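All remarks here apply to the structure that follows.
The values are calculated or read from the model by the stated rules, or taken from the named source; none is laboratory data. Source: prediction; values computed, not measured. Note that we place each Cβ from the backbone using ideal geometry, even for glycine, and neighbour counts take in every protein chain shown. Ligands, DNA and RNA are stripped out before the accessible areas are found, and what is left, the full protein with its side chains, is counted by its heavy atoms. Shrake-Rupley method; radii C 1.70, N 1.55, O 1.52, S 1.80 Å.
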Amino acid sequence: MGSMELIQDTSRPPLEYVKGVPLIKYFAEAMGPLQSFEAWPDDLLISTYPKSGTTWVSEILDMIYHGGDQQKCSRAPIYIRVPFLEFKAPGAPSGMETLKETPAPRLLKTHLPLALLPQTLLDQKVKVIYMARNAKDVAVSYYNFYNMAKVHPHPGTWDNFLEKFMSGNVSYGSWYQHVREWRELGRTHPLLYLFYEDMKENPKKEIRKILEFVGRSLPEEVVDHIVKCTSFKEMKANPMTNYSTLPSSIMDHNVSPFMRKGVAGDWKSTFTVAQNEHFEAHYAQKMAGCDLPFRSEL
Ligand code: PPS
């Protein structure tokens, strides 16, 4: 087999269904090994639907855990410092492999819906920080990510992709179900539910909520320092947070950078008026009876 064929072999495989949830093929393959994962009571789980601010809240937490010491937070890329449980891709260590090298107290990342979440995290009552972002910005961010991260199938046109997003036919399935079921989990499990837009509007206020939730306190000036170091501009320029250290076969930043825009309301540059009307009508149905205070702009 020639090298071109080999490249095509690992690039853009179709999604695979696990318990009815569509996943990136490599992540679906990681679900077996993930069964042997054992949570520890002092773990902290960062849970999100993709493109909702995972990397941002991960960096904030690693900085909190290291007392705001940026040097210590430069020890490794974010995906090593905060193991991504179900991650697997050719040419990079899997989440389970990374976990073996991670000392307590561990920060963990997942995008899994509850149907696929390892039970051990619930049994050990692992604290969860969930970050949600408005659906329209998630859809646009996800579309750009599908284009640059070639572990996903080809997204098709934006109009095509938007339909797939609305029907839950994208990796990790339905956004609507994800944000709602994790909110529900918070009724019975220690969980802090945050919004990307709130973090954008007043990061200090949200970081204070996180500090209280994880039972830590930091001096005012350290909190200010964390706000500064975790701004979009700083994280975009930081190779330990911008994913530039991954091979381009996994993420091609020439197509679209991982740190793309980092704003609330960017969907307006991509949605047509007709798409917005269609989306809003469908959204009202899907989110009926839900009191989550999403904001699509600031
Ligand atoms: S992933 O791949 O699902 O883990 O991606 P995730 O980190 O959840 O989301 C990526 C989007 O978050 C934006 N981002 C930020 N916004 C504001 N401030 C900071 N510090 C920040 N860091 C990452 C990133 O730019 C992606 O959003 P878009 O809209 O595509 O720019």
Screening P293, P203, P257 for residues that are away from the ligand (no atom under 12 Å from the Cβ) and not hydrophobic (A, V, I, L, M, F, W, C) leaves only P293
Would you mind telling me which numbered condition in (1) under 19 Å from the mean Cα position of the chain (by Cα); (2) more than 14 Å from the ligand (Cβ to nearest atom); (3) open to solvent by less than 40 Å² (accessible area, probe 1.4 Å) G53 fails? (2)
Filter the range 102-141 for residues that are surrounded by fewer than 21 Cβ atoms within 10 Å (Cβ to Cβ) and of a type in the set (D, E, K, R); which is nearest to the ligand (Cβ to nearest atom)? R106
Being closer than 23 Å to S231 by Cα and surrounded by fewer than 19 Cβ atoms within 10 Å (Cβ to Cβ) is the filter here; which residues of the range 162-202 pass it? L192, Y193, D198, E201, N202
Do you know which residues across the range 61-80 are within 24 Å of P118 (Cβ to Cβ) and either open to solvent by 10 Å² or more (accessible area, probe 1.4 Å) or β-branched (V, I, T) (or both)? Y65, A76, P77, I78, Y79, I80
Unique residue being part of a helix (DSSP H, G or I), in contact (Cβ under 8 Å) with a residue 40 or more places away in the chain and polar (S, T, N, Q) when the list is T120, T98: T120
Do we find a residue being within 12 Å of the ligand (Cβ to nearest atom), part of a helix (DSSP H, G or I) and in contact (Cβ under 8 Å) with a residue 24 or more places away in the chain anywhere in the range 149-172? no
Residue tally, condition within 16 Å of the ligand (Cβ to nearest atom) and assigned to a helix (DSSP H, G or I), over the range 211-238: 13
